[in-house]
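Have a look at the structure below, then the notes.
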Amino acid sequence: KPVVGTPDGYVWTSGPYIKPLALATVHIIKQAYPDLSVIGGGGIANADDVLEFLLVGADAVQMLSWAMLRGKNVYKKIIDNLPAALKKYGFSSIEDVKSAELEKQELSGIFADIDHQGALILRHEAGDQLITAGDIFFPAS
């Protein structure tokens, strides 16, 4: 009988499927803890993805899944493509990206939040708490 995940029900999700949640989580953590250094990762496959993580508040990025699928040369390709991506979006440096202000938009549907104890919570726009993922990022001491 195949078993997926740990006995506690946790499984590994990576690659492009996790990117929207990873971007949202980086942004939420950085908003809640602006002095905390955050390394973003999850779904990074190109220079545009790197810029997205920096725009939502990541101080650095990490990538593994895409390199496992496409080979270690993807790291050099992404680095080589960063200047063109910066230019494409009107930035002159990585620091310009990191200091850019995001335009706030109203959320609809389900969105992620962090409660006062540091637990990641998924909420419905009507305010209903759907899932509490527990003290994943900031365990209560």
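The values are calculated or read from the model by the stated rules, or taken from the named source; none is laboratory data. Just so it is clear, the model here is predicted, and its values are computed rather than measured. Using ideal geometry, Cβ is built from the backbone for each residue, glycine included, and neighbour counts are taken over all protein chains shown. The area values use the complete protein model at the heavy-atom level, side chains included, leaving out ligands, DNA and RNA. Shrake-Rupley method; radii C 1.70, N 1.55, O 1.52, S 1.80 Å.
Points worth noting:
Yes or no, residue by residue, for (1) in a loop (DSSP other than H, G, I, E, B); (2) open to solvent by 60 Å² or more (accessible area, probe 1.4 Å); (3) in contact with a Ser or Thr (Cβ under 9 Å, 6 or more places away or on another chain):
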{"residue": "Leu21", "(1), (2), (3)": "no, yes, yes"}
{"residue": "Pro34", "(1), (2), (3)": "yes, yes, no"}
{"residue": "Ala45", "(1), (2), (3)": "yes, no, yes"}
{"residue": "Leu69", "(1), (2), (3)": "no, yes, no"}
{"residue": "Ile79", "(1), (2), (3)": "no, yes, no"}
{"residue": "Lys98", "(1), (2), (3)": "no, yes, no"}
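- Residues of segment 53-67 classified as more than 17 Å from Ile94 (Cα to Cα) and assigned to a helix (DSSP H, G or I), total: 3
- Taking residues in segment 11-40 that are under 18 Å from Leu51 (Cβ atoms), and partners anywhere that are open to solvent by 50 Å² or more (accessible area, probe 1.4 Å) and in a helix (DSSP H, G or I), the pairs with Cβ atoms closer than 7 Å and at least 6 places apart or on different chains are Leu23/Glu52.
- Members of segment 81-96 found to be of a type outside the set (A, V, I, L, M, F, W, C), within 15 Å of Leu54 (Cα to Cα) and open to solvent by less than 90 Å² (accessible area, probe 1.4 Å), listed by number: Pro83, Gly90, Ser93, Asp96
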